[in-house]
Amino acid sequence: MPKNSNNCIKEKLEKLQGIESYKLGESTEKIAKRLGLLPTEIIKLNFNENLFLPKKALTDIIKEVADHCDLRIYPQEEQNKLKISLGKHLKISYNSIVVGNASDELIDRISRMFLEKGETAVSFSPTFPIFKYCAKRQGANYLAIPLLKNLRLNVEKILKSFSSKTSLLYLCSPNNPTGTQFYKSEIIPLINEFPGIVVLDEAYGEYANYSMVSKVDEFDNLIVLRTFSKAFGLAALRLGYAVTNSTLAKTLSEKSPLPFPVSSFTLKMGKKLLENFDLVAHSIEMLKKEREKLISRLNLINGIRAIDSQANFVFFSVDKPYELVYQKLLSKGLLIKKLGKILHLDNCLRTAVGLPWMNDRLVENLKKMLGE
């Protein structure tokens, strides 16, 4: 192999190493081993997973789907059937739906299609970081407008950032990590004024007060993202979808470089869960009730400020070093998300809303650390 070829590969690898990417962190298995615990002793509350859907119920559905799935055959009509079921569920046309390998893949697909080198992607901070990573990989500039102190959008400043160079606007609502859902009066002016595509990420939409899904035909630039990873409990299978006007939906579907972005099995599981939506709806209501209890209980502990949430997690700050609190909880088998300084709030953390006994354990340990 020529020497210049080796140099070229080295340069490319060095460039790739410099690209910012999502950090998954340690698995529960590795953490348990390091702490001398069993993996089953770790209460995992760091990735906003939905634990209110009974594992056995999902396993039973998996077995049913497996009996009707030929894994030797490429996907055929499974995607269309899921889109038809989603259309009926959401009361929209199935032609407005684009299916993807989780909403992360759809963010990546949208960035590749609508964002070019030298253009600018706009969002706010703090928010879900995947969009920033996708934008930077495209060679685009990334502009994030800080939220206001009340964790609302700084609509005026965001509007002022728009120009002929701004091609993509990303709005996560309910927002991760804060759990706040922005008002329609904040979002709609941004959609109306933005010169490019607006991506409204509603990954936690089932837990929120409202959705913009039914409004997509009113705008020629709006794409709403939804997922089966949260309320539907299919985080392991990676299934998401976008809802937009039929013109954008056709482009996103037909111009994807991947012919089969989602497996037949995953598509069938999504459809089957829609057929069993009463199970999903029940889990949503249970979680929302437990969420309100958890927020109230956290706010009764001295030194904790928990923020109202429209998602399946709770964002809170403590009056002790967040790393210390995180490590002490971890030593007790409680794994939450450490965030650090967020805007004007120091020592921030985030926890998924766990099952009642999990939340009891979390609250009890925080009380011991921070005092009644």
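The values are calculated or read from the model by the stated rules, or taken from the named source; none is laboratory data. As the structure is a computational prediction, the values presented were derived from the model and not from experiment. Cβ: placed from backbone, ideal geometry, glycine included. Neighbour counts: every protein chain shown.
Can you tell me which residues in the stretch 269-316 are under 21 Å from the mean Cα position of the chain (by Cα) and among the polar types (S, T, N, Q)? Of everything in the stretch 269-316, those that are under 21 Å from the mean Cα position of the chain (by Cα) and among the polar types (S, T, N, Q) turn out to be Ser283, Ser309, Gln310, Asn312.
Among the candidates Lys160, Lys184, Lys215, the residue that is within 24 Å of Ile92 (Cα to Cα) and free of Cβ contacts under 8 Å to residues at least 12 places away in the same chain is uniquely Lys215.
Under the condition of being part of a helix (DSSP H, G or I) and acidic (Asp, Glu), which residue from the stretch 33-69 is surrounded by the fewest Cβ atoms within 10 Å (Cβ to Cβ)? Among those residues, the one meeting the criterion is Asp67. Tell me whether the stretch 140-148 contains one or more residues that are farther than 21 Å from Ile307 by Cβ and touching a Phe, Trp or Tyr at 6+ places or on another chain (Cβ under 8 Å). Within the stretch 140-148, none of the residues are farther than 21 Å from Ile307 by Cβ and touching a Phe, Trp or Tyr at 6+ places or on another chain (Cβ under 8 Å). Within the stretch 183-192, is even one residue touching a Phe, Trp or Tyr at 6+ places or on another chain (Cβ under 6 Å), at pLDDT 95 or above, farther than 26 Å from Arg238 by Cα and buried (at least 16 other Cβ atoms within 10 Å of the Cβ)? Scanning the stretch 183-192, I find at least one residue that is touching a Phe, Trp or Tyr at 6+ places or on another chain (Cβ under 6 Å), at pLDDT 95 or above, farther than 26 Å from Arg238 by Cα and buried (at least 16 other Cβ atoms within 10 Å of the Cβ), so the answer is yes. Restricting the first member to the stretch 281-292 and to residues that are more than 18 Å from Val363 (Cβ to Cβ), and the second to residues that are small (Gly, Ala, Ser) and at pLDDT 95 or above, the beta-carbon pairs closer than 7 Å and six or more apart or on different chains are Ile284/Ala231. Exactly one residue out of Tyr142, Tyr94, Tyr170 is free of Cβ contacts under 8 Å to residues at least 24 places away in the same chain, within 21 Å of Val216 (Cβ to Cβ) and in the same structural domain as Arg238 (by TED's automatic domain parsing): that is Tyr94.
Ala236 meets each of the listed conditions (1) surrounded by fewer than 16 Cβ atoms within 10 Å (Cβ to Cβ); (2) touching a residue at least 24 places away in the same chain (Cβ under 8 Å) apart from (2).
Here's the yes/no breakdown for (1) in contact with a helix residue (DSSP H, G or I) (Cβ under 7 Å, 6 or more places away or on another chain); (2) over 19 Å from Glu119 (Cβ atoms); (3) assigned by TED's automatic domain parsing to the domain that holds Ile307:
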position	(1), (2), (3)
Gly179	no, yes, no
Phe182	no, yes, no
Ser185	no, yes, no
Pro189	yes, yes, no
Val198	yes, no, no
Asn209	no, yes, no
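Please tell me if Lys30 is assigned to a helix (DSSP H, G or I) and at pLDDT 95 or above. No; evaluated as a whole, the condition is false for this residue. Exactly one residue among Lys149, Lys230 is in contact with a His (Cβ under 8 Å, 6 or more places away or on another chain) and either surrounded by fewer than 18 Cβ atoms within 10 Å (Cβ to Cβ) or in contact (Cβ under 8 Å) with a residue 40 or more places away in the chain (or both), and that residue is Lys149. Scanning the stretch 70-94 for residues that are of a type in the set (S, T, N, Q) and either surrounded by 15 or more Cβ atoms within 10 Å (Cβ to Cβ) or in contact with a Gly (Cβ under 6 Å, 6 or more places away or on another chain) (or both) turns up Gln79, Ser85, Ser93.
Taking the stretch 266-346 as the region of interest, the strands (runs of 3 or more DSSP E) fully inside it that hold 2 or more residues being in the same structural domain as Leu35 (by TED's automatic domain parsing), closer than 24 Å to Gly205 by Cβ and in contact with a helix residue (DSSP H, G or I) (Cβ under 7 Å, 6 or more places away or on another chain) are 313-318. Being part of a strand (DSSP E or B), touching a strand residue (DSSP E or B) at 6+ places or on another chain (Cβ under 8 Å) and either more than 22 Å from Phe47 (Cα to Cα) or of a type in the set (Asp, Glu) (or both) is true for just one of Val216, Val198. Which residue is that? Within the list Val216, Val198, the selection yields Val198. The residue that is surrounded by the most Cβ atoms within 10 Å (Cβ to Cβ), among those in the stretch 283-307 that are over 23 Å from Met369 (Cβ atoms) and either in contact with a Gly (Cβ under 8 Å, 6 or more places away or on another chain) or of a type in the set (A, V, I, L, M) (or both), is Leu287. For the stretch 352-364, indicate whether the set of residues that are farther than 29 Å from Glu206 by Cα and surrounded by 14 or more Cβ atoms within 10 Å (Cβ to Cβ) is non-empty. No, the stretch 352-364 contains no residue that is farther than 29 Å from Glu206 by Cα and surrounded by 14 or more Cβ atoms within 10 Å (Cβ to Cβ). The set of residues in the stretch 242-258 being in contact with a strand residue (DSSP E or B) (Cβ under 8 Å, 6 or more places away or on another chain) and either among the hydrophobic types (A, V, I, L, M, F, W, C) or buried (at least 24 other Cβ atoms within 10 Å of the Cβ) (or both) consists of Ala242, Val243, Thr244, Leu248, Ala249, Leu252. Screening Pro261 with (1) at pLDDT below 95; (2) farther than 30 Å from Pro126 by Cβ gives one miss only, at (2).
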